[in-house]
Amino acid sequence: MPMGETVYLNGAFTPRKEALISPLDRGFLFSHAAYEVTAIYGGKLIDFDGHLSRLGNTLEAISIPNPHDPAGWTDIHTQLISRNQLSEGLIYLEVSAGTYDSRDFAGPEIFTPTIFLFADHRPLINDVAEHGIKAIFLNDIRWRRRDIKTTQLLSQALAYRSAREAGAKTAFMVEDGYVTEAASANTWIVTEDDRIITRNLSSDILPGITRGHVIARLRERGLPVEERPFTPDDAYAAKEIFTTSAGAMIAPVIQLEDRPVGDGKPGPVTRQVQRLYYEAIGADVATAAPWALA
Ligand code: PDD
């Protein structure tokens, strides 16, 4: 999908091709960096407070001073949206621990961060949301701090490669017999007896901002969500499965490995969650997602 031509790097808006970062940056050498991905719909930031709050937690956990207060971050995002005329898509934000003159594991006492943001034009209420995707299971081989959003993404990159090789779009990662989350999304199942389940928060998974938003919308309507682990067998037995993330919002999963989920089509609970979320972000559902009304 087309990346916006204007990016933000260390205090300046600049043409993407002129934005350069040193190879000695700690983000490059050690993956010592936090990131966030915020959805933009109708030119507006979605769930932005949640993303900023999680960014603050990640930065604190990896000893990087937060370079901006919420007003500062909002200003950079808003300018990036308008300079790139972004109406639907994502803003990617990365804050690394900065560049120094040596490859020193510990680094200086106080880091001077590198700050980089770009705009990404892409439909978020899209074909995947309408038709669903296939997922495979993989062992979760990630580190122990999955609750913070760092750029240590090698295992997820490899998971996407394995999924692609298997003709799937994502992977559900499994640890100690339970599904943790998908390669870049939280996972949800709807059981035979209509219980809506998503894994409870802990250091095993990312506290997804979209996940939190969906739980709130469902609870408002008296639809309780059970936050607890579930197994691959629970997933095979589920009537419906979907994932939540800023990047794909609500994505139905219609096939797991070689087995259809339910009748192999996005189900009514998934459609209801899509409707609730799309309405909450200000979408005109009848136009943008008529299939979610069926
Ligand atoms: N990923 N779990 C993982 C491992 C993720 O990478 C993501 C998001 C989520 C969902 O979080 P949220 O609802 O806050 O987007 C859960 C982003 C979109 C990415 O890496 O591109």
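The values are calculated or read from the model by the stated rules, or taken from the named source; none is laboratory data. Quick caveat, the model's predicted, so the values are computed rather than measured. Every residue, glycine among them, receives a Cβ derived from its backbone with ideal geometry; neighbour counts consider all protein chains shown. For the accessible areas, the whole protein counts, side chains as well, though only heavy atoms, and no ligand, DNA or RNA atoms are used. Shrake-Rupley method; radii C 1.70, N 1.55, O 1.52, S 1.80 Å.
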Contacts under 6 angstrom Cβ, first residue in region 53-80 being assigned by TED's automatic domain parsing to the domain that holds R26, partner in a loop (DSSP other than H, G, I, E, B) and open to solvent by 20 Å² or more (accessible area, probe 1.4 Å), 6 or more apart: G56/N66; T58/K149; L59/N66; I64/P113; P67/P113
Residue ID - nearest to the ligand (Cβ to nearest atom), chosen from residues in region 168-186 that are assigned to a loop (DSSP other than H, G, I, E, B), in contact (Cβ under 8 Å) with a residue 12 or more places away in the chain and open to solvent by 60 Å² or more (accessible area, probe 1.4 Å): S184
Residue match in region 30-40 (condition: assigned to a helix (DSSP H, G or I), touching a Lys or Arg at 6+ places or on another chain (Cβ under 7 Å), surrounded by 15 or more Cβ atoms within 10 Å (Cβ to Cβ) and not charged (D, E, K, R)): no
Hits in region 44-75 (condition: outside any loop (DSSP other than H, G, I, E, B), crowded, with 19+ Cβ neighbours inside 10 Å and more than 19 Å from the chain's Cα centre (by Cα)): none
Any hit, region 100-112, residues being within 22 Å of the chain's Cα centre (by Cα), surrounded by fewer than 18 Cβ atoms within 10 Å (Cβ to Cβ) and at pLDDT 95 or above: no
Of all residues in region 114-133 being of a type in the set (A, V, I, L, M) and outside any strand (DSSP E or B), the one that is surrounded by the fewest Cβ atoms within 10 Å (Cβ to Cβ): V128
Checklist (1) more than 10 Å from the ligand (Cβ to nearest atom); (2) surrounded by fewer than 17 Cβ atoms within 10 Å (Cβ to Cβ); (3) among the hydrophobic types (A, V, I, L, M, F, W, C) applied to L153, failing item: (1)
Listing of strands (runs of 3 or more DSSP E) fully contained in region 187-284 that carry 1 or more residues being within 16 Å of the ligand (Cβ to nearest atom) and under 23 Å from A163 (Cβ atoms): 196-198, 240-245, 249-256
Search result, residues across region 1-30 that are farther than 22 Å from E88 by Cα and charged (D, E, K, R): K17, E18, D25, R26
Number of the condition not met by L138 [criteria: (1) part of a loop (DSSP other than H, G, I, E, B); (2) at negative phi]: (1)
Members of region 233-247 that are open to solvent by 30 Å² or more (accessible area, probe 1.4 Å) and touching a strand residue (DSSP E or B) at 6+ places or on another chain (Cβ under 7 Å): D234, Y236, K239
Those residues of region 87-99 which are more than 30 Å from I281 (Cβ to Cβ) and open to solvent by less than 50 Å² (accessible area, probe 1.4 Å), in sequence order: A97, G98
